[in-house]
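Working notes, beginning with the structure itself.
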Amino acid sequence: TGASRGIGKAIGLRAAADGANIVIAAKTAEPHPKLPGTIYSAAEEMKAAGGDAIGVVVDVRDEDLVNAAVNKAVERFGGIDILVNNAGYFILKPIAETSLEEFDQTMAVNVRGVFLCTKAVLPAMIERRAGFILNIASTSSKRWYPGQGAYVASKHGVLGFTKVLAEE
């Protein structure tokens, strides 16, 4: 998730260099005026790097879109071996200035998204008794700074979720 740019794209490009099949699940279907990259341009770069790739428009907060993306991945590539939960939302504001909407958006993308994507791929991984899930929690789950309240809370949630998932 979130592989149209940044860390997610770098992970996808590295996997593509090893010949991986990649589904770029992100919201960026149209170019952003300030940020380069779309799911389609990232897919072309990953193909050029040696893998096969498709872009699928996904808002990780939406269960139906997440399930549709998983179904598309399985249909196209036969299964999912690795899920990288990378999509993220970050605001830099003191807690007193963070609105409930901003807090909810941060938790929805960073925690709910990880939950929904994980839940969508788990049945097939459990059935096959194979698969990997990589959750990007960032160093903010262990070290924090003023102005990152919502983000840090969400990344602590991802870290705790990941630990429980590993035990289960």
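The values are calculated or read from the model by the stated rules, or taken from the named source; none is laboratory data. A quick note: this is a predicted structure, and the numbers were derived from the prediction, not measured. Here Cβ is always computed from backbone atoms with ideal geometry, including for glycine, and neighbour counts include all displayed protein chains. Side chains are part of the model used for accessible areas, which takes the heavy atoms of the whole protein and leaves out ligands, DNA and RNA. Shrake-Rupley method; radii C 1.70, N 1.55, O 1.52, S 1.80 Å.
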May I have the pair-distance distribution P(r) for region 51-168, computed from all Cα-Cα distances with 10 Å bins from 0 and rounded to whole percent?
13, 41, 30, 13, 2
Whole-percent carbon and sulfur share, accessible surface of region 1-67, 1.4 Å:
55
Region 104-168 -> Rg/Rh from Cα coords, Kirkwood Rh, value 1.04
Check which residues have an amide H placed less than 5 Å from Ile82's amide H, if you skip close sequence neighbours.
Phe132
Rounded to the nearest 10 Å², the accessible area of Ile126 at probe 1.4 Å
110
For region 135-168 and region 1-26, write down the distance between their C-alpha centroids in whole Å.
22
Top to bottom by accessible area (1.4 Å), largest first, where do Asp104, Asp64, Asp59 land?
Asp64, Asp104, Asp59
Please report the accessible area of Met125 (heavy atoms, 1.4 Å probe, ligands and nucleic acids excluded) in Å², nearest 10.
20
Give me the accessible area per residue for the chain, probe 1.4 Å, as a whole number in Å².
58
Can you tell me which of 28-38, 110-120 comes out highest on packing, and rank the rest after it, using the mean Cβ neighbours within 10 Å?
110-120, 28-38
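Would you list Ser138, Ser4 from the most to the least accessible area, probe 1.4 Å?
Details: Ser138 45, Ser4 5 Å².
Ranked list, largest accessible area first: Ser138, Ser4.
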How high is the relative contact order of the chain? Use alpha-carbon pairs under 8 Å, at least six apart in sequence, and give a whole percent.
20
